[in-house]
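Below is one structure, written out as structure tokens; the observations come after it.
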Amino acid sequence: MRQLMSGNAALGEAAVLSGCTHYFGYPITPQNEITEYMARRMPGAGGVFIQSESEIAAINMVLGASAAGARTMTSSSGPGMSLKQEGISYLVADELPAVIVNMVRGGPGMGSIAGAQSDYFQATRGGGHGDYRTVVLAPASVQELTEVVPMAFDLADKYRSPVIILGDGILGQMMEPVDFDGLVRPPDYDKSWALTGAKGRPAQSIYSLIFDVKLQEEKNWKLQRKFRLIEQDEVRYETYLVDDAEMIVVAYGIGARIARGAIKRLRDEGKKVGMIRPITLWPFPMKALRELAKSVTDFFVFELSAGQMVEDVRLALEGEGHIHFYGRPGGVVPMPVELYRIISRHYYQAHADGDRKQP
Amino acid sequence: MKGSIQIDRERCKGCALCIDFCPEDCISLSDDLNLKGYFVAAFDDSKECSACRHCALMCPDVAIEVSKS
Amino acid sequence: MKTVYARPKLLKEADFHYCPGCGHGIINRLLMEVIEEMDLQGDAICVAPAGCGMLLYNYFEIDVIESAHGRGAAVATGIKRVRPQNLVFSYQGDGDLAAIGTAEGFHAANRGENITVIFVNNGVYGMTGGQMAPTTLLDQVTTTTPTGRDAGLAGHPVRICEVFSQLDGTSYLERVAVNRPAAVVKAKKAIKKAFQRQVDGAGFSLVEILSPCPVNWKMGTLEACEWIDEVMVAHFPLGVFKEVPC
């Protein structure tokens, strides 16, 4: 049944329908409505809602709830996400599932409360101390939350590791029609590792301090094998009009929505521009980009930041092809027509250079 | 002699709290080294142990077992 | 000969890593004795700190999770909210609870979380080598107060029981010590009462335990025990600071 909902509210609903029973959050614009939604919704759904005293407390409540076997979530924005990094590192080291939502806002520092994409590095490079990565999912519409949120809980339980949903202030605040009927609650996973009290079994413990460096290294390689598996099996992306494309936009989340508008104008003028939209920012769709680079030279990276995903595009292409970049940090949101003009200029320039692969 | 104690010599760290708190002076620090290199406490069964358990209450390494006839 | 005192069964075989004369060993034993006597082994979940008390999973035959430094009360909150039927307690040192973890402890208490905090107050940061803690006394020498704690520079020792007693969410707060046999018996009673109140759903309880740290206080083991009575108790009076009838 379709209903008009803000991204924040829809995300909360999707979490409940995905089996989230324990939510811990702290107010921060532009994600307050997630916390408010969960305050209204969780008690009725037989779940627990706590407004914590800080984002640090919230992520550690998540850690406790997860260790006790619950499907649990917290949500925040830039400054709060920075406070959670220690907790996220512990969740990874303790191999505990959890979903952490970041509705990104302009930064750094207090930044702005407008939507942005400047927390890409923080999310995709681990963010806290130690060698680790977290799955990072980037929804581009309110409806897509009904797929991304259950996917986040499923991947968290499947790999016993925290998963980050990287939204932004626009996605959080804007209202779009959404239909939850298709949302499939992820299956329950075996959680015999959870701490439930040593009744009829030996005592169990969860900890990450390993003094012996040899054993700590082994623990690290075990985690790294997990990340390689995720890189191998969990990449998700969407392509748009790439078959005949001579230039491919690389954009995610709200950036991809703006790019679609620009591509429509470009296509109307016969300019063959397509797009690849990563849905998993980590694991990044490296292979897909290299595949596209066999037939296309020009990649136009567009981000609501000073340029972060562009580095992953460069890593993926390894010098193959030509990377253009346009970004606006701080919470500025270019109109599609503005992006259309900029891509057009790069498109003409690329054609003028001549030595281009033909699709 | 109503009581006696057994000291787990490998757990003992020679902290001497049992010695200090034994009301009957039944325990003393021996010159017997354990594997960790501590001089371990030793019970003198010729003394009048009352099985009051003060030694066990104060032992930070739970190395003392007390028994009573 | 009948055994009248033996190692609690819930203490694992591993030797304690604590220094000679350290109060943590006594407190660890009391916790397992109480849990054994209350038959709560199948229910107890302990949240261990970062600090001298962090290796509890090597010693306790109950479920234990290690929390990041200072976050024990928040982790315990998360566990208890998932498993209200379990006995959940955090074990925290003075740095863990009264410095970095103040907000978490304060707000768990204020929310009246039905958990127990075992707060070991030994006046210094032990594991990291004897630095000043929030509970370090004025003029007390530590590795970061080399000429004695100066209130003008480093403020005053924090009285957690008294502070938390101002929070309506707290239901039982007692300060005890483990520096002589009679005190150890009282400390065990306080722990047992706190756990029983949690089982009865009475809300947030905290037992603050003054504990000797001879190595970092640079004292003999007996001298450290006496110092608690002669000096520490003057600033940290023993007793019940709150006991809401339940």
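The values are calculated or read from the model by the stated rules, or taken from the named source; none is laboratory data. Here the structure is a predicted model, which is why all the values come from computation and not from measurement. When we count neighbours, we look across all protein chains shown, and the Cβ atoms used for this are built from the backbone with ideal geometry, even at glycine. Ligands, DNA and RNA are stripped out before the accessible areas are found, and what is left, the full protein with its side chains, is counted by its heavy atoms. Shrake-Rupley method; radii C 1.70, N 1.55, O 1.52, S 1.80 Å.
Quick notes on this structure:
- Computed on protein heavy atoms with a 1.4 Å probe, the accessible areas place A:F302, A:F325 in the order A:F325, A:F302, largest first.
- Shielding score for B:8-16, defined as the mean number of other chain Cβ atoms within 10 Å: 4
- Qualifying chymotrypsin sites (Phe, Trp or Tyr not before Pro) in the range A:200-264, DSSP loop, other Cβ atoms within 10 Å at most 13: A:F211
- Protection proxy ranking, peptides B:23-33, A:329-339, average beta carbon neighbours within 10 Å, highest first: A:329-339, B:23-33
- Length released on extending from A:R345 to A:A39, taking residue separation times 0.36 nm less the Cα-Cα span: 105.3 nm
- Other protein chain Cβ atoms within 10 Å, averaged over every residue that makes up A:84-91: 2
- Comparing A:D154, A:D233, A:D131 in a Gaussian network model of chain A (Cα springs below 10 Å), the most mobile by mean-square fluctuation is A:D233.
- Estimated buried accessible area (total), pair A and C, 1.4 Å, Å² to nearest 100: 2600
- Per-pair calculated FRET efficiency, R0 = 25 Å: C:V4 and C:M38 via Cβ, rounded to 0.05: 0.80
- Calculated FRET value between A:R290 and A:Y189, using beta carbons and R₀ = 35 Å, to 0.05: 0.60
- Within-15-Å neighbourhood charge of C:G220 [Cβ basis; K, R +1; D, E -1]: -2
- Heavy-atom accessible area, probed at 1.4 angstrom with all protein chains present, ranks A:R160, A:R185 as A:R185, A:R160, highest first.
- Inverting the pair-averaged 1/r between distinct Cα atoms of the range A:1-65 gives 12.0 Å as its Kirkwood hydrodynamic radius.
- Relative packing of C:45-53, C:193-201, which averages over residues the other C-beta atoms within 10 Å, highest first: C:45-53, C:193-201
- Interface burial for C against B (accessible surface, 1.4 Å probe, total of both chains, Å², rounded to 100): 2400
- Peptide-level mean, for C:16-23, of C-beta atoms on other protein chains within 10 Å: 5
- Hydrodynamic radius by Kirkwood, which averages 1/r over all alpha carbon pairs of the range C:24-243, in angstrom: 17.0
- The alpha carbon convex hull volume per residue for the range C:1-123 rounds to 110 Å³.
- Surface accessible to a 1.4 Å probe, per residue, for the residues of the protein assembly as shown, Å²: 37
- Portion, in percent, of the accessible area of the range A:1-109 that falls on carbon or sulfur, probe 1.4 Å: 56
- Spin-label pair C:A154-A:A352: with each label point 7 Å from Cα along the Cα-Cβ axis, the two points sit 6.8 nm from one another.
- Segment C:C246-C:S165, length gained on full extension (0.36 nm per residue, minus Cα span): 27.5 nm
- Structure note, pairs B:K68/C:K189; C:K193/C:K218; C:K9/C:K188: Cα-Cα distances above 22 angstrom occur for B:K68/C:K189; C:K193/C:K218.
- Springs join every pair of Cα atoms under 10 Å in this Gaussian network model of chain A, and among A:Y189, A:Y132, A:Y326 the largest mean-square fluctuation is at A:Y189.
- Mean Cβ neighbour count within 10 Å, used as a protection proxy, ranking A:75-87, A:4-16 highest first: A:4-16, A:75-87
- Here the protein assembly as shown is treated with +1 on each Lys and Arg Cβ and -1 on each Asp and Glu Cβ, and its dipole about the Cα centre works out to around 1000 debye.
- Around B:M58: net Lys/Arg minus Asp/Glu count, Cβ-Cβ under 11 Å: +1
- At least 30 Å² of accessible area lost relative to the chain alone, listed for the range C:80-99 with a 1.4 Å probe: C:R81, C:V82, C:R83
- Cα convex hull of the protein assembly as shown, projected area averaged across orientations, nm²: 33.5
- Our estimate of slack between A:E269 and A:D179, defined as 0.36 nm per intervening residue step minus the Cα-Cα distance, is 28.9 nm.
- Cβ-Cβ FRET estimate between A:Q216 and C:E230, R0 fixed at 51 Å, reported to 0.05: 0.75
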